[in-house]
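Where a number appears in this text, it was derived from the coordinates with a stated rule and is not lab data. Computed from a predicted structure; not experimentally measured. So basically every Cβ, Gly included, is an ideal-geometry build from the backbone, and we count neighbours across all protein chains shown.
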Amino acid sequence: MVFWKKNNIVIDMVEEYLQKAEECVGLLKIGFTHYLKKGLGTEFDAFIEKTHKAESSCDDIKIKIESAMYEKSLIPESRGDILSLIESIDQIPNNAEHILYSIETQFLETPTEIKDKLEQLLNININAFYELTRAARALFKDTSKIQTISNNIDKEESASDYLERTIIRYIFSSENIAPDQRILFKELVGKLGSISDNCEKTADTIAIIAVKRIV
């Protein structure tokens, strides 16, 4: 089922936002992978700057959507739902920026033993985000796909939770990681895992919006 057929302005702006959010999260993946392989430095700083610009663009587009929906009275019956959805998704690009900044400001040097696990955790959470943007597009194009996509996100979130516990258990049992660094790496693992947590919550919001439109 397709909703909001006559509101191409809204659909186009939401698509613009989703593409920029995907760019931002994609830069997190590239930047974080670079950090794991080559560590801190000017190249990593460049990825931080690119991610910051993409996140700022997400905020600009979000404001544009809000203004347009109120000024032009677009889909007033669903305005709150759409704005809440964008706000919920927007936590993830914001988190992407914070993850890279936290690595840089805390001078984190990742122990070799956990690099593969951290990259695996990163990829799981990135995959969850791309599933979320699929669900958001399905809300406007084909709501019959939402449940399947939500199930995929649930699986990624569960896999993330399991891997987070595995990494944190290792961090606090390893003699190669200083006590003060253990806390910092635990926080980093939590920030990565929060991406799929947010995806799961936002997917639930999308499902509720779809049901409301049917009712």
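Applied to the stretch 55-66, the Karplus parametrisation 6.51 cos²θ - 1.76 cosθ + 1.60 on θ = phi - 60° returns per-residue 3J(HN,Hα) values of 5, 5, 5, 4, 4, 4, 5, 4, 5, 4, 5, 4 Hz, with x for Gly and Pro. For K117, a cut-off of 29 angstrom between C-alpha atoms picks up these lysines, skipping any fewer than 8 places away in its own chain: K20, K29, K37, K38, K50, K53, K155, K186, K191, K201. Relative to the longest principal Cα axis of the chain, at what angle does helix 8-38 sit, 0 to 90 degrees, rounded to 10? For helix 8-38, the angle is close to 10 degrees. Which one of Q106, I124, A135 is farthest out on the positive end of the charge dipole of the stretch 106-148, using unit charges on Cβ (Lys, Arg +1; Asp, Glu -1) and the Cα centre as origin? Farthest towards the positive pole: A135.
Would you list L132, L36 from fewest to most Cβ contacts within 10 Å?
On the way: L132 31, L36 17.
Fewest-to-most Cβ neighbours within 10 Å comes out as L36, L132.
When you filter the GluC sites (Glu not before Pro) in the stretch 58-122 for DSSP loop state and at most 12 other Cβ atoms inside 10 Å of their Cβ, you are left with E77, E109. Across the chain, Cα pairs under 8 Å and at least six residues apart give a relative contact order of 27 percent. Around the Cα centre of the chain, unit charges on the Cβ atoms of Lys, Arg, Asp and Glu (plus for the first two, minus for the last two) sum to a dipole of about 620 debye. For the chain, the mean projected area of the C-alpha convex hull, equal to one quarter of the hull surface, is 11.6 nm².
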